[in-house]
Amino acid sequence: MSLPILTMTDVRLSFGGKPLFEGVTCTLAKGERAALVGRNGAGKSTLMRMVTGEHEPDDGEQWLHPGTVVPKVDQEPDLSAYDTVLEYASDGIEHVWRAEAELGHFGVDADVSPSILSGGQTRRAALAKAFASDPDILLLDEPTNHLDVPMIETLETRLREFNGAVLLVSHDRRFMENITTKTLLQRDGVVLKSPEGYAKFDQWAEQVEEAEIRQLEKLKTQLKAEEHWLHRGVTGRRARNMGRLTKLKAMRAEALRRKAALNAGKAKAGISAEEAGSQARKVIETFGLSKSFGDLKIVEDLTIRIMRGDRIGFIGPNGVGKTTLLKLMLDEIPRDAGNVKVNPALRITYLDQTRDTLKPKDTLWEALAPQGGDSIMVQGKQRHVAAYAKDFLFKPDQLRQAVSALSGGERNRLTLAIALAQSTDVLVLDEPTNDLDMQTLDLLEDMLLNFEGTLILVSHDRAFLDATVTSCLVPAGDGEWIETAGGWSDAQRQIKGVRKKAKEAPADKAKAEKTRQAEPKKQTKLSFMDQLRLKEVEEAMPRL
């Protein structure tokens, strides 16, 4: 193992009250990529600011190897003081060509004004600036926010090749599983260390929890619910994860059954009783939906039906038109061709990426109960504001806090609390996982799995998609979208097969035609539906 380039020994830090850190001891060496895990408000960003020297510890020692370069990529990079992206990326860097090269690597135009950058482009510019500084330690605070999956995979490759050290805070579990080599858990003012990457975090955390429970039993101390491991319990979380998996498999099987019944119904003449019932269960239906902006085809001739209880994820790279397609299907923007039918009897709750629903001057209480009083209606049932806020991990003393004082993750958590309180039939979530900690993601997955309505989700979070949806809508190129069964991982396998067949088809078409003409005609294998009909006929014949 390499010698440490960062060492903290018995570090203590407080901001006038209860210590935020007490007795923190840890090291970071070249080649190590550490995941820093902890709930919102535990002090992860503050610990990073201590590494950069923005905060000085009250007690203890922090040592950095002389000459160590430590850039930090913040959750919300600020480029407003610069005229061009290159000016921002090269600020404080000796060789401007490094900044130009890194911007090119991350696909950002060096000459444009930062004011016109999207959230994903701003994030890529910040990453380019960090790599251009030739860092020894990279501090990454939610680096995958607003990045699409191809860019996340590019970043994963870059970090695995990076020979310096990485300290990472992220809500993207798949990202951390793929790149980290050690885990630091920050809670109750201390940092616990695991020599394994985040992929083995649950197993390690469960062992730590069991050891703590044994120790507490020896001391005859009752473990309070709010002081339990990460306020949820790792053992309980793993059990819930298995329960979720079982339930999700059942939901996916039911979705496939309904799709098969729907396709079978299309072949029948007239309208059966089941089909008549399905009319009332339709949520959204499109016929030949098309939309283009100049030469860019967002969607071409899409016919799809979303039924009550469906849980569909929109996936694909940034710029492919996921949000535009979503708004087309909700009939919010004009289309070039085709028809869209949205069931007018259904209540739709739409949470977009901007999170503009919050008023900075409102308190958390006022945001949850804008009509006043101490109770709110949650999915048609009356709940006390404090009790409902506690479900989303807000403490009672935060209820009178201004929204403007909340962290990015807390604001997102509050927006979700407001959206999920509404009685709704269709829940539409556009990038809901940005800035959420693991605990809140766990809570959100539980809530969505217990939600009995229709879920439409746009996300780049691979693990979150795998845990919540039963089908995916995936771009196949040139405006074509394909619906696949299962989650993100299932979609990747299925779409690769489709693309492989499409690629091979032109080359094999002439050869296949020649072979068909030369070979004697063979008996064609019955289709699935024909086999089903044959079985029904054979069973009916003796009875008739």
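Before moving on, here are some points about what is shown:
- Checklist (1) β-branched (V, I, T); (2) modelled with pLDDT of 85 or more; (3) farther than 25 Å from A419 by Cβ applied to I495, failing item: (2)
- Identity of the residue in the stretch 173-184, under 19 Å from the mean Cα position of the chain (by Cα) and open to solvent by less than 10 Å² (accessible area, probe 1.4 Å), that ends up nearest to A205 (Cα to Cα): M176
- Output for the stretch 132-158, where each listed residue is touching a strand residue (DSSP E or B) at 6+ places or on another chain (Cβ under 8 Å) and either crowded, with 21+ Cβ neighbours inside 10 Å or within 20 Å of K322 (Cβ to Cβ) (or both): I137, L138, L139, L140, D141, E142, P143
- Search result, residues across the stretch 1-37 that are more than 32 Å from the chain's Cα centre (by Cα), closer than 18 Å to I137 by Cβ and open to solvent by 40 Å² or more (accessible area, probe 1.4 Å): M1, S2, L3, P4, T9
- Of all residues in the stretch 98-135, those satisfying the criterion of being within 21 Å of V166 (Cβ to Cβ), more than 23 Å from the chain's Cα centre (by Cα) and either basic (K, R) or outside any loop (DSSP other than H, G, I, E, B) (or both) are R98, A99, A101, E102, L103, H105, K129, A130, F131, A132.
- Filter result for W97 (closer than 29 Å to D148 by Cα and exposed (fewer than 15 other Cβ atoms within 10 Å of the Cβ)): yes
- Among the numbered conditions (1) among the hydroxyl-bearing types (S, T, Y); (2) more than 26 Å from V37 (Cβ to Cβ); (3) open to solvent by less than 50 Å² (accessible area, probe 1.4 Å), the only one that S170 does not meet is (2).
- Selection status of T357, touching a residue at least 60 places away in the same chain (Cβ under 8 Å) and exposed (fewer than 15 other Cβ atoms within 10 Å of the Cβ): yes
- Qualifying residue in the stretch 275-282 (condition: of a type in the set (G, A, S), surrounded by 14 or more Cβ atoms within 10 Å (Cβ to Cβ) and modelled with pLDDT under 75): yes
- For the stretch 171-198, the set of residues classified as closer than 23 Å to E445 by Cβ and out of contact with any strand residue (DSSP E or B) (no Cβ under 7 Å at 6 or more places or on another chain) consists of H171, D172, R173, R174, F175, E177, N178, R187, listed by residue number.
- Residues in the stretch 385-405 that are touching a residue at least 40 places away in the same chain (Cβ under 8 Å) and either of a type in the set (F, W, Y) or open to solvent by 10 Å² or more (accessible area, probe 1.4 Å) (or both): D391, F392, L393, A402, S404.
- Q62 being in contact (Cβ under 8 Å) with a residue 40 or more places away in the chain, closer than 25 Å to F15 by Cα, open to solvent by 20 Å² or more (accessible area, probe 1.4 Å) and within 26 Å of the chain's Cα centre (by Cα): no
The values are calculated or read from the model by the stated rules, or taken from the named source; none is laboratory data. Worth saying up front: this structure is predicted, and the values here are computed from it rather than measured. Every residue, glycine as well, gets a Cβ built from its backbone with ideal geometry; the counts of neighbours run over all protein chains shown. Please note that ligands, DNA and RNA were not included when accessible areas were found on the heavy atoms of the full protein model with its side chains. Shrake-Rupley method; radii C 1.70, N 1.55, O 1.52, S 1.80 Å.
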